[in-house]
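Nothing in this text is a laboratory measurement; each read-out follows from the coordinates by a stated rule. As the structure is a computational prediction, the values presented were derived from the model and not from experiment. Cβ placement follows ideal geometry from the backbone for every residue including glycine, while neighbour counts extend to all protein chains displayed.
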Amino acid sequence: MNHSEQPSSPENRLAELNDEAIADLDKVMGTALGVAREQLESAGAFLPFGIALEKPGISAAENSGQDDDAATVGELRLLAVQPTEDPENPDADLDADAMMDDLVALMREQEDLYLAVALISDVTLLEEDRDAIHVNAEHRDGGAVGAVSAYTAPAEEDAEWVFDEPQVDSAERLVWTD
């Protein structure tokens, strides 16, 4: 099922989150925006991806013998999926919606490992005829927040990218839906 076609969305309890959960959302949101901006500046585009903040101790258990701080602070992970290709039309454009659906499915499968996640995509703001970074960040305790940061690519090769301040609003919960 397409994530945008779910019959009903779970309640967004953003206002009920404690300071630690808000900090977790800020961490995945900030990292998501930073990675997307870096990809745009270096490659001029990016495919949909995810950022996940692991529960404390997850990485430490996998990498025993490393720094004890890893047991108390969750690690950030970059999550990506392979673009789906149409075997009948290999030159067709990538299906970003299908990639987002695959990312949501991946995060749902691994939801017990994470405190917070963010789904990141490149979107077009139709009313403004501009491109933007879209982030949907969600915490396992029930809150979700979205951000849109419009951007302008450089007109000349040596010019800089311009990123607008993110516009933040509540968002739909996609991963922790029960």
Checklist entry - Label-point separation (nm) for residue 167 and residue 110, each offset 7 Å from Cα along Cα-to-Cβ? => result 3.2 nm
Checklist entry - Once phi is turned into ³J(HN,Hα) by the Karplus curve 6.51 cos²θ - 1.76 cosθ + 1.60 with θ = phi - 60°, what whole-Hz value does each residue of the stretch 104-120 show in order, with x for glycine and proline? => result 4, 4, 4, 5, 5, 4, 10, 4, 5, 7, 10, 8, 8, 9, 9, 10, 10
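Could you list the GluC sites (Glu not before Pro) in the stretch 90-178 that lie in coil according to DSSP, counting only those with at most 15 other Cβ atoms within 10 Å of their Cβ?
The qualifying sites are 127, 128, 156, 157, 160, 172.
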Item to check | Whole-Hz ³J(HN,Hα) from phi, Karplus 6.51 cos²θ - 1.76 cosθ + 1.60, for the stretch 161-178, glycine and proline x | outcome: 5, 10, 10, 6, 4, x, 9, 9, 8, 5, 9, 7, 7, 10, 8, 8, 9, 10
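Which of the chymotrypsin sites (Phe, Trp or Tyr not before Pro) across the stretch 129-178 are loop residues per DSSP, with 15 or fewer other Cβ within 10 Å?
Working: sites: 151, 161, 163, 176; in loops: 161, 176.
Passing both the DSSP loop test and the Cβ count: 161.
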Checklist outcome for this item: For residue 130, other-chain or 5+-apart residues with amide H closer than 5 Å (H placed, Pro excluded) are 125
Checklist entry - Using θ = phi - 60° and the Karplus form 6.51 cos²θ - 1.76 cosθ + 1.60, what ³J(HN,Hα) does each residue of the stretch 18-30 get, whole Hz, x for Gly and Pro? => result 7, 4, 5, 5, 4, 5, 4, 4, 4, 5, 6, 5, x
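Note down the magnitude of the dipole of the stretch 11-170 about its Cα centre, charges +1 on Lys and Arg C-beta and -1 on Asp and Glu C-beta and zero elsewhere, to the nearest 20 debye.
Working: 8 positive and 40 negative charges, 118 e Å.
Once rounded to the nearest 20, the dipole reads 560 debye.
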Checklist entry - Let a ≥ b ≥ c be the square roots of the eigenvalues of the Cα gyration tensor of the stretch 11-170; is it rounded (a/c under 1.5), or, if not, prolate (a/b larger than b/c) or oblate? => result prolate
Checklist entry - What whole number of Å gives the distance from the Cα centroid of the stretch 14-41 to the Cα centroid of the stretch 136-178? => result 9 Å
Checklist entry - Quick one: if you stick a label point 7 Å off each Cα along the C-beta vector at residue 178 and residue 131, how many nm between them? => result 3.9 nm
